[in-house]
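Report on the following structure.
The values are calculated or read from the model by the stated rules, or taken from the named source; none is laboratory data. All values reported here derive from a predicted model rather than from experimental measurement. Note that each Cβ is placed from the backbone with ideal geometry, even for glycine, and that neighbours are counted across all protein chains shown. In case anyone asks, the SASA skips ligands and DNA or RNA and just uses the protein heavy atoms, side chains included. Shrake-Rupley method; radii C 1.70, N 1.55, O 1.52, S 1.80 Å.
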Amino acid sequence: MIELPDLAVGGLAVGTLSALALGGGLLRSRRQLTRQRAETADLRSRLDGALQALTAEVEHLAARRIPAAARQLAHPHMPVPGPLQPQTAGTPLGIALEGVLLGLRAELATQRTRIDAAAQAGMRGATREIQAALYRLQDALRQLQQRYDDPELTETLFQLDHENEQSLRRAQVAAVVCGAWVGLAREESHLVEAVTGGQSRLAGYHRVKVHNHLETGTALVSHAVEPVAIIAAELLDNALRHSAPDTDVVVNLEHVHHGVCVTVDDAGVGMTQDERARAQRMVAGSEPILLTDLGDPPRMGLAAIGQLTRQFDLGVDLSSPSPYGGVRAVLRVESHLLSRIDPAEQPPAVSAPRSTRRATPETSHGYGTEEGAAAGSGHHDGLPQRRRRTRSAAAEAKAPAAERPARSPEDAAAALGALQSGTAAARADGAATDVPDNETDYEGGAAR
């Protein structure tokens, strides 16, 4: 029989053991809770750090990367910053942020093209109206030039005609950049006349020295005449604008294996390698032209050249520097755009540079004769003359003497010189006719 003291001792032992077990469990639980709290705090800290890093990346995306990506559409040379934390690249977060930039670029490019197309359409309409008004003014000036023989009046009319010609060239270039047709249909013409015709549209044309090494009678097919004249004018305008006013711009017309080259050399400031590369891309016409890419105010010369080279299968090269220290521009006209004109039946203009290939036979029109040289010296400003289908000198000679007052030889020479100066800015070699702007013929698109 167990005695009570033994039972008490046993109960105390059991209670002690239970207390110890319970105490150990509580201690373990407390330690585990402490560890869990530490892990939770660590996770919370890491989560807070990740959230701060994500917030910083999004802020960096909004403040730096998105504006840079938008600017890069207009200025491809500008870099776009990468992620704020380099280790983000390649992670799901980095890939997601790059997707944001790609989507933004695509949408901005689409909207930019749409807005630019609307601007070009508006400019096409405006330039069409401007060109029509300038052509009407040109016709009025021609009529006045033919009506009056007063040298001073004719000289004034000539100056007005030349100013009008420059305005017409700018409007025409703007229309071409915006995808409009060149605006004129012309007959086959001597190639040298297309070049001097483009020269005559410029201020400072007297600085241009043209050397004609082509065979006499080398001509352009009708649809290439006006594009070549426009390109020549823009290349010469670049050369004149970017070279000192006391220097010449040298032009050489030469036969090459597959056609003819018109080489323009200036002694100007030249271009850097990057500038030359950009200019070459523009004149190649291989990329779409946006008005917003042309600066403020827009420089449209090279853009217009690019439109015409693509549209009429011409070639322009700006990759070589000029031996005079400036820029060399080469216009290449392929053989299929060339033709031949019998110089005896359709002689070049009196002021067109004679070919160095062979002597031009004397004809009744005075080209290459002493009489022709005298007539050519009547230009007050040396402007290259473009022929017009007007009443010939022989026909005027047959007019009754009573219709014209008697004049001394000196007066007659002065009047002839003034008349030639006044008619020098005539627009077309042949019967130039306006061609409506055909917006469906062409889809698409500085001077230096």
Of the residues Thr127, Ala109, Gln85, the Cα lying farthest along the dipole of region 46-172 towards its positive end, which is defined by charges on the beta carbon of Lys, Arg, Asp and Glu, belongs to Gln85
Once amide hydrogens are built 1.01 Å from N within the peptide plane, the residues lying 5 or more places from Val316 or on another chain with amide H under 5 Å from its amide H are Arg332
Carbon plus sulfur, as percent of the 1.4 Å-probe accessible area of region 302-349, comes to 46 percent
On the formula 1/(1 + (r/R0)^6), with r taken between the Cβ atoms of His258 and Asp48 and R0 of 56 Å, the FRET efficiency rounded to 0.05 is 0.20
Mean accessible area per residue over region 208-338 (1.4 angstrom probe, all protein chains present, square angstrom) is 41 Å²
The local net charge around Gly259, scoring Lys/Arg +1 and Asp/Glu -1 for residues other than Gly259 whose Cβ lies under 12 Å from its Cβ, equals -2
Between Gln143 and Arg170, Cβ-based FRET efficiency (R0 25 Å, step 0.05) works out to 0.60
Length gained if Thr113 through Glu334 is fully extended, taking 0.36 nm per residue and subtracting the Cα-Cα distance, is 76.3 nm
Full extension between Arg136 and Gln159 adds, at 0.36 nm per residue less the Cα distance, a length in nm of 6.6 nm
Expressed as a percent, the accessible surface of region 159-224 that is carbon or sulfur, using a 1.4 Å probe and the full set of protein chains, is 52 percent
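Just to confirm, what accessible area per residue do you get for region 28-139 at 1.4 Å probe, in whole Å²? Walk me through the numbers on the way to the answer.
Values: 7610 Å² over 112 residues.
Result: 68 Å² per residue.
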Pseudo-spin-label distance Thr356 to Thr272, built 7 Å along Cα→Cβ, given in nm, is 3.6 nm
Computed over the Cα atoms of region 142-239, the Rg and Dmax in Å are 14.8, 42
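Quick check: residue separation of Ala106 and Gln32 times 0.36 nm, minus the Cα distance between them. What number comes out in nm?
Working: separation 74, 0.36 × 74 = 26.64 nm, distance 5.43 nm.
Between Ala106 and Gln32, full extension yields 21.2 nm more.
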Rounded to one decimal in nm, the spacing of the 7 Å Cα→Cβ label points at Ser320 and Ala70 is 4.5 nm
